[in-house]
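Visitor: Could you have a look at this structure, given as C-alpha cells, before my questions?
Read-outs throughout are calculated quantities, based only on the coordinates presented, and are distinct from any laboratory measurement. Predicted, not measured: the structure shown is a model, and the values here were computed from it. Here the Cβ is made from the backbone with ideal geometry for all residues, glycine too, and neighbour counts use every protein chain on show.
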Amino acid sequence: MLELQHIDFDVAQDGEEKGILHDVNLTIRERFVAITGPNGGGKSTLAKLIAGILTPSQGRILFDGEDITDLNVTERARKGISFAFQQPVRFKGLTVKDLITLASGRNIGVPEACAYLSEVGLCAKDYIDREVDASLSGGELKRIEIATIMARSTSLSVFDEPEAGIDLWSFSNLIQVFEHLHEKINGSILIISHQERILNIADRIIVLSAGRVVNDGPRKDVLPTLLGGAPNVCSALSDKVR
C-alpha cells in the first residue's frame, strides 16, 4: 500500500519558488489506478516522487507502512517499486534476454525469459537475442519494458504516459498488454495517462489539476465526468481521451 501525506513539491524559477504540487494526500491499494488531468498539472512530477527520482519539498511517502520519503530510486526499487519512463532507455550491447534477467534479479533461463515476452505479445524467438538499441520501435521497447517489470514482480509498478511516442497500431497492442497485465500482475499498477482506453480499464481514476487532486474515485463515477466535459479539467483533456 502506498500513502502520500501532505505532499508539496516546489522548484526554483526566476529566483522564486514555484509550487508544482500542493498538499497531495492519497492512499493507493487498488490493483489498477490511473492518474489523469490537464498537461502541466503535476502528474509526471508525482510519478517521479513516488519512484524516488525526485524528493518532496514537504510531506511523507509511506510504502507498506514504511517511511520511504528519503530513499532514492534504487533503494525504492529494492523495496518493491518499479518505474517505467515515457521514453524507455535503450542499451546498446545488451540483449533483451540480458535485460529481463537483470530485471528479475536472478539467473533465469531462456524459456522463462521467452515466457515474459510472450506475455506482452512479442514472438520470443524474434526478440530474445536482439539488442535493446535503436533498431527497436517505440512500441516494441514499451512492451519489452513491461516484460521486465513482470519479471521483477514488484508490489507497485508505475508507468508514466506509456502511450507517448508510439503509433496507433502499437497503442492498440499496448492496451491489450495492460489488460492482460491487470489480470496477471501480483501487486498494484499506477498509470499516468490521458487515454480513454487506458482510463477505461482502471479500477480507480485520480484527476490532478494545477498540482491538486480535484477528483478521485471509482472509474464508473469519475470517467463520465471527464468525457462529459467537467469545467477546468475535461476541457483540457477532451483532445486526449477521445
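Visitor: I'd like the trypsin sites (Lys or Arg not before Pro) in the range 15-72 restricted to DSSP loop residues with at most 12 other Cβ atoms within 10 Å, sorted by number. Spell out each step's value before the answer.
Guide: Numbers: sites: K18, R29, R31, K43, K48, R60; in loops: R29, R31.
Passing sites in the range 15-72 are R29.
Visitor: Could you tally the net charge around F63, taking each other residue with its Cβ under 14 Å from the Cβ of F63, Lys/Arg +1 and Asp/Glu -1?
Guide: Numbers: positive: R29, R60, R76, R78, K79; negative: E3, D64, E66, D67, D70, E75.
Spelling it out: positives minus negatives among the neighbours equals -1.
Visitor: Given a cut-off of 23 Å, name the pairs among K18/K220; K79/K125; K92/K125; K18/K79; K43/K142 whose C-alpha atoms lie farther apart than that in the structure shown.
Guide: Details: K18/K220 35 Å; K79/K125 32 Å; K92/K125 19 Å; K18/K79 31 Å; K43/K142 19 Å.
Distance filter (> 23 Å) returns K18/K220; K79/K125; K18/K79.
Visitor: Something else now. Only one of the listed values, [x] 23.3, 104; [y] 16.8, 52; [z] 18.0, 55, was derived from the coordinates as Rg and Dmax of the Cα atoms in Å; which label is it?
Guide: Working out Rg and Dmax of the Cα atoms in Å from the coordinates points to [z].
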